[in-house]
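Report on the following structure.
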Amino acid sequence: MALMNIQLNGNPHEIEAPLTVAALLESIGFGDKPVVVELDELAIFPRDFATALVVDGSRVEIVALAAGG
């Protein structure tokens, strides 16, 4: 597989291509956590994580949601 360079939360990150948002989340330990994802400045709905593709040069922002009291 080819390697691609992306920006992940503002930092350089290398991933294997091709990769969906769901696969990226799984690979960094967020696969089963509630998160908000922005891909190239567009919000991605969780229902689209399995089909939205991360490509070379993509900018991905991930925010984990946490509840507390």
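Values as computed for the structure displayed
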item	result
Residue count for the stretch 29-69, restricted to those that are in contact (Cβ under 8 Å) with a residue 24 or more places away in the chain and either hydrophobic (A, V, I, L, M, F, W, C) or part of a loop (DSSP other than H, G, I, E, B) (or both)	21
Tally, over the stretch 49-69, of residues that are open to solvent by less than 80 Å² (accessible area, probe 1.4 Å) and of a type in the set (S, T, N, Q)	1
Complete set of residues in the stretch 1-27 that are surrounded by 14 or more Cβ atoms within 10 Å (Cβ to Cβ) and at pLDDT 95 or above	I6, Q7, L8, H13, T20, V21, A22, A23, L24, L25, E26
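The values are calculated or read from the model by the stated rules, or taken from the named source; none is laboratory data. Since we're looking at a predicted model, the values are computed, not measured. Using ideal geometry, Cβ is built from the backbone for each residue, glycine included, and neighbour counts are taken over all protein chains shown. Only protein heavy atoms, including side chains, enter the accessible area calculation; ligands, DNA and RNA are left aside. Shrake-Rupley method; radii C 1.70, N 1.55, O 1.52, S 1.80 Å.
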